[in-house]
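Presented below is the structure to which this report refers.
Laboratory data are not the source of any read-out in this text; all were calculated from the coordinates shown. Just so it is clear, the structure is predicted and the values come from calculations on it, not from any experiment. Cβ sites come from the backbone with ideal geometry, for glycine too, and all protein chains shown count toward neighbours.
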Amino acid sequence: MHNGNKNGYILRITHDYWLEQVFKINKYYSGVVRAFEKGTPILLVKKTEVGDSFIGYGFIQKVEYLWEMTPEDEKYSRDNNWKCCLSLKNLTKFDAPYPIKESLLKDDPRKGKLLHGAMLKIELINNIIEAAKHK
């Protein structure tokens, strides 16, 4: 599943149109900055009818900060208070949302917005991806 990184991150998507955008252009604009680097796995989370759920995953291909973006992307990012853009490869949407409350994170004290930007060990990420694929 991974290519050497020991950690990955959870990133939330708050609106349906941003969800469509992420999967259409393979980019996630982020307001949080972490130790993002090429190959880092990202788990995508969104609130669904069954509560916060994992909806997909991908791997960072490229990280662009405001000063590295095209003028259009920089304006779009500033307008939304985003600090970087993650280009994602192997972006995969799960067939069905995988509720966090049914996952290995069900007892994690971080809930809702507090999961945005949360770092997870690669083994946990791999387990969540496998469980979501078999849901």
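Key figures for this structure:
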| item | result |
| --- | --- |
| Distance between modelled label sites at Ala35 and Lys135, nm, 7 Å Cα→Cβ extension | 2.8 nm |
| Length-normalised contact order of the chain in % [C-alpha pairs under 8 Å, at least 6 apart] | 33 percent |
| Charged-residue dipole, Cβ positions (Lys, Arg, Asp, Glu), region 60-135 about Cα centre, Debye nearest 20 | 280 debye |
| Prolate/oblate/rounded call for region 67-119, Cα gyration tensor, a/c under 1.5 rounded | prolate |
| Ranking of Arg110, Arg34 by count of other Cβ atoms within 10 Å, fewest first | Arg110, Arg34 |
| Per-residue Cβ neighbour rank within 10 angstrom, fewest leading, Tyr76, Tyr98 | Tyr76, Tyr98 |
| Backbone HN-Hα couplings from phi across region 18-24 [Karplus 6.51/-1.76/1.60, Hz, Gly and Pro as x] | 6, 4, 4, 4, 4, 6, 7 |
| Antiparallel DSSP beta bridges within the chain, as percent of all bridges there, nearest 5 | 85 percent |
| Computed magnitude of the charge dipole of region 29-77 (debye, nearest 20; Cβ of K, R +1, Cβ of D, E -1) | 180 debye |
| Matching label, Rg/Rh (Cα atoms, Kirkwood Rh) computed from the structure shown, candidates (i) 0.92; (ii) 0.95; (iii) 1.03 | (ii) |
| Relative exposure of Phe54, Phe94, judged by other C-beta atoms within 10 Å (fewest first) | Phe94, Phe54 |
| Options Pro71, Ser103, Cys85, ranked by Cα towards positive dipole end of region 7-133, top entry (Cβ charges) | Ser103 |
| Helix-only mean residue ellipticity at 222 nm for the chain, each DSSP H run of n ≥ 4 adding -39500 (n - 2.57), per residue, nearest 500 | -7000 deg cm²/dmol |
| Residue-count net charge about Leu19 - beta-carbon cut-off 13 Å; Lys, Arg +1, Asp, Glu -1 | +4 |
| Unit charges on C-beta of K, R, D, E only; dipole of the chain, Debye | 220 debye |
| Gyration tensor (alpha-carbon) shape descriptor, region 25-89, a/c threshold 1.5 | oblate |
